[in-house]
Amino acid sequence: MKSRILLWSVISILALGIAAGAYWWLSRPQILVLDDGAQLTLLAVTYGKRHTLPRFRNRRTQIHIATLTTTNDSLCLWIDRKHEENNWPNYQLLAFDAANTSCSTAQMRRQGNFNGNDRTEEVEALVFESFPRRGRKIYFRIQKWNNGQQELSPAGFVVRNPAPRGDYPKWTPDVLPLPARITICRSP
């Protein structure tokens, strides 16, 4: 009897430990570090027409970025951006579906500092008015500019798709007509 109670106690403690570890793993913030050392942390994702940045402990915004309104249901990513002073990262965020076949870009609507005169940390509100809606998850990848070249980072943020996953129509494009052959004649 005592061994049975001991066994169930050990199993219960292990199950609680695994559940706590899984909760910690799933609730940790997503952080991306760019080549120049800039750090992007996904603070929150909101969906709808009214977007509000949740309050985070020990932080308050110095300018009015805590709320924004869109005309249509949109997806808003709230990102904490840390970088070296006067070295702002040059990038944009692209939204993809799981197959990397659908892509849309964000429009930055608001930006503000957390600490007044601190020029090394800002919060950005990146609004996606269009984004892949069929999949369960949306994959956000960073496209950055280096020496005039655009580079698409393999790493990115992954969020649950908040849009209704109803029956979206699958459109099939028409076949394009074949172009006429052009013969170029050169005179001798």
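Every number in this text was worked out from the coordinates using simple rules, so none of it is lab data. The structure presented is a predicted model; accordingly, all values stated were derived computationally and were not measured. Don't worry about glycine lacking a Cβ; one is built from the backbone with ideal geometry, like all the others, and counts go over all protein chains shown.
Once the Cβ-Cβ distance between ALA19 and LEU178 is put in as r, and R0 is 45 Å, what FRET efficiency do you end up with, to the nearest 0.05?
Efficiency for this residue pair is about 0.15.
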Using Cα positions and a limit of under 19 Å, work out the lysines in reach of LYS144, with same-chain residues fewer than 8 apart set aside. LYS82
Could you pull out every one of the aspartates and glutamates with an alpha carbon less than 15 Å from that of LYS170, ignoring same-chain neighbours closer than 8 positions? ASP97
